[in-house]
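Q: One structure, pasted below without further comment.
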Amino acid sequence: MSEHYYSKRPAVESDRAVVHAKLRGFELSFVTDAGVFSKNDIDFGSRLLIETMRIPESAEVLDVGCGYGPIGICAAKLAFRGKVTMLDINERAVELASENARRNEAGNVRVMQSDRLEAVKDETFDVILTNPPIRAGKSVVHDIFAGAAERLVAGGSLWVVIQKKQGAPSAFEKLQTLFSRVDEVTKDKGYRIFEAKK
């Protein structure tokens with residue numbers, strides 16, 4: 001079976017690199033590696049989500065499927081009076097995200113290995129962010145949405161980036177069954193940003 005970035009323990013040989021990016025006005029750098037999502041650069045979908053998401057400065061934020069950390073670390077810079085929890089099933093991604101939080105002086109971050117939202121099943125959040133693992137399949141993605149609906153406080157928001165050709169219409173319909181309001185906030189190059197409010 002070929003290996004995916006959502007494997008728990010990537011077997012592919014390590015091949016570390018550093019990616020630099022200016023995101024939301026912050027000059028950031030990220031250590032990446034083989035076996036994690038979008039190793040060579042921050043993907044367009046993540047960039048669009050980062051530039052669009054609204055994060056209150058005191059928010060409790062959850063990033064599901066954090067990869068090496070660009071979305072969650074940007075959220076931590078914006079929620080400088082709050083806290084950000086970053087989850088990924090991939091242990092290499094978790095190690096990188098922890099390293100990148102330190103590298104970018106995001107002290108209000110914790111990173112945990114977790115299958116979907118399992119590690120935070122007893123916690124609640126003001127904002128949940130996800131660039132979901134589309135290749136893991138629709139049932140996994142929809143399960144992340146359902147878990148987010150349970151973990152958000154009343155009035156909280158789930159922010160999702162998804163490509164139209166990778167299931168944005170069905171994702172929008174699923175979100176509408178789980179949340180009181182779902183808006184398409186922006187779209188660019190086939191990507192959609194949804195905000196689902198509880």
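The values are calculated or read from the model by the stated rules, or taken from the named source; none is laboratory data. Every value quoted in this text rests on a predicted model; they were computed, and no experiment measured them. Cβ coordinates were reconstructed from backbone atoms using ideal geometry, including for glycine residues, and neighbour counts include every protein chain displayed.
Q: Picking from Val12, Val19, which residue would you name as being surrounded by fewer than 22 Cβ atoms within 10 Å (Cβ to Cβ), in contact with a Phe, Trp or Tyr (Cβ under 7 Å, 6 or more places away or on another chain), at negative phi and without any contact (Cβ under 8 Å) to a residue 24 or more places away in the chain?
A: Val19
Q: Being in contact (Cβ under 8 Å) with a residue 60 or more places away in the chain and among the hydrophobic types (A, V, I, L, M, F, W, C) is the filter; apply it to the stretch 82-103 and report the residue that is surrounded by the fewest Cβ atoms within 10 Å (Cβ to Cβ).
A: Ile89
Q: Something else: Please enumerate the residues belonging to the stretch 79-110 that are of a type in the set (A, V, I, L, M, F, W, C) and within 9 Å of Gly69 (Cα to Cα).
A: Of the stretch 79-110, the ones of a type in the set (A, V, I, L, M, F, W, C) are 79-80, 84, 86-87, 89, 93-94, 96-97, 101, 106, 109.
Correct list: Met86, Ala93, Val94, Leu96, Ala97, Ala101.
Q: In the stretch 31-85, which residues are in contact with a Ser or Thr (Cβ under 6 Å, 6 or more places away or on another chain), basic (Lys, Arg) and at pLDDT 95 or above?
A: Once the filter is applied, which keeps residues that are in contact with a Ser or Thr (Cβ under 6 Å, 6 or more places away or on another chain), basic (Lys, Arg) and at pLDDT 95 or above, the stretch 31-85 yields only Arg81.
Q: Looking only at residues in the stretch 37-64 that are part of a loop (DSSP other than H, G, I, E, B) and among the charged types (D, E, K, R), which one is farthest from Val120 (Cα to Cα)?
A: By that ranking, first place goes to Asp41.
Q: Looking at the stretch 19-63 only, could you name the residues that are out of contact with any Gly (no Cβ under 8 Å at 6 or more places or on another chain) and of a type in the set (Phe, Trp, Tyr)?
A: Answer for the stretch 19-63, where residues must be out of contact with any Gly (no Cβ under 8 Å at 6 or more places or on another chain) and of a type in the set (Phe, Trp, Tyr): Phe26, Phe44.
Q: Here's another thing I want to ask about it. Looking only at residues that are touching a Leu at 6+ places or on another chain (Cβ under 7 Å) and aliphatic (A, V, I, L, M) in the stretch 161-195, which one is farthest from Glu51 (Cα to Cα)?
A: Filtering the stretch 161-195 for residues that are touching a Leu at 6+ places or on another chain (Cβ under 7 Å) and aliphatic (A, V, I, L, M), the one farthest from Glu51 (Cα to Cα) comes out as Val182.
Q: Could you please find all residues in the stretch 87-105 being of a type outside the set (Gly, Ala, Ser) and over 16 Å from Pro132 (Cβ atoms)?
A: Across the stretch 87-105, the qualifying residues are Glu91, Arg92, Val94, Glu95, Leu96, Glu99, Asn100, Arg102, Arg103, Asn104, Glu105.
Q: Of the residues that make up the stretch 142-149, is at least one within 15 Å of the chain's Cα centre (by Cα), assigned to a strand (DSSP E or B) and among the β-branched types (Val, Ile, Thr)?
A: no
Q: Starting from the stretch 167-178, keep only residues that are of a type in the set (Lys, Arg), then list their pairs with residues that are surrounded by 13 or more Cβ atoms within 10 Å (Cβ to Cβ) whose Cβ atoms are within a distance under 6 Å, requiring at least 6 positions of separation or different chains.
A: Listed by first residue and then by second, the contacts come to Lys174/His142; Lys174/Phe145.
Q: Also, quick follow-up: Mind checking which pairs have a first residue in the stretch 38-62 that is on the phi > 0 side of the Ramachandran plot and a second that is assigned to a helix (DSSP H, G or I), Cβ under 9 Å, 6 or more apart or different chains?
A: Going by the 9 Å Cβ cut-off, the qualifying pairs are Ser38/Gly45; Ser38/Ser46; Ser38/Pro70.
Q: Inside the stretch 13-30, can you point out the residues that are modelled with pLDDT of 95 or more and more than 14 Å from Asn100 (Cβ to Cβ)?
A: If the condition is that a residue be modelled with pLDDT of 95 or more and more than 14 Å from Asn100 (Cβ to Cβ), then Lys22, Arg24, Gly25 are the ones that fit.
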